[in-house]
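What follows is a single structure, written as structure tokens, with notes after it.
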Amino acid sequence: QVQLVESGGGLVQPGGSLRLSCAASGSIFSTYAMGWYRQAPGKERELVASISSRSSTNYADSVKGRFTITADIAKYTVYLQMNMLKPEDTAVYYCYARRGSSTYWGRGTQVTVSS
């Protein structure tokens, strides 16, 4: 079973930056796709960014050019660098790892963008 632990959320002003981290319980990057979803109050969970086992990345249109997903294989960690944050980025951000029909989730980390 894969365990994922997120960190790095918090309160930031509009235009600011945060970096989220997702630490996996072992070396899974060679076989799992990983990424981040977010869920704002009253809204459905949406995919923010993903990185495949071959390091190809994908982003939601709403974050392209502002967010960057990377993976540090040696540290079993995936990062989400978030720049130029907007109030509409406020949500709980969840890390996931997926292989075939199996998906594992972290517990989430709150990101609040407000002045």
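The values are calculated or read from the model by the stated rules, or taken from the named source; none is laboratory data. Values in this document were obtained by computation on a predicted structure and should not be read as measured data. Reconstructed Cβ throughout: ideal geometry from the backbone, glycine too, with neighbour counts over all protein chains shown. Just the protein is used for accessible areas: all its heavy atoms, side chains included, with ligands, DNA and RNA removed. Shrake-Rupley method; radii C 1.70, N 1.55, O 1.52, S 1.80 Å.
Numbers for the structure displayed
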read-out	value
Cα-Cα pairs of the stretch 47-115 separated by more than 21 Å (percent)	27 percent
Coil-residue GluC sites (Glu not before Pro) of the stretch 1-97, DSSP, other Cβ within 10 Å capped at 13	Glu44
1.4 Å probe accessible area per residue over the stretch 1-58, in Å²	56 Å²
Per DSSP, loop trypsin sites (Lys or Arg not before Pro) in the stretch 22-66 with at most 11 further Cβ within 10 Å	Lys43, Arg54, Lys64
Asp61, Asp89, ranked by accessible area, largest first (probe 1.4 Å)	Asp61, Asp89
Accessible carbon and sulfur surface of the chain relative to its total accessible area, %, 1.4 Å	45 percent
Accessible-area ranking of Trp105, Trp36, largest first, probe 1.4 Å	Trp105, Trp36
Reachable lysines, given that their alpha-carbon falls under 26 Å from the alpha-carbon of Lys86 and they are not under 8 places away in the same chain	Lys43, Lys64
Translational D in µm²/s for the chain (Stokes-Einstein at 37 °C, 0.692 mPa s, Kirkwood Rh from C-alpha pairs)	234 µm²/s
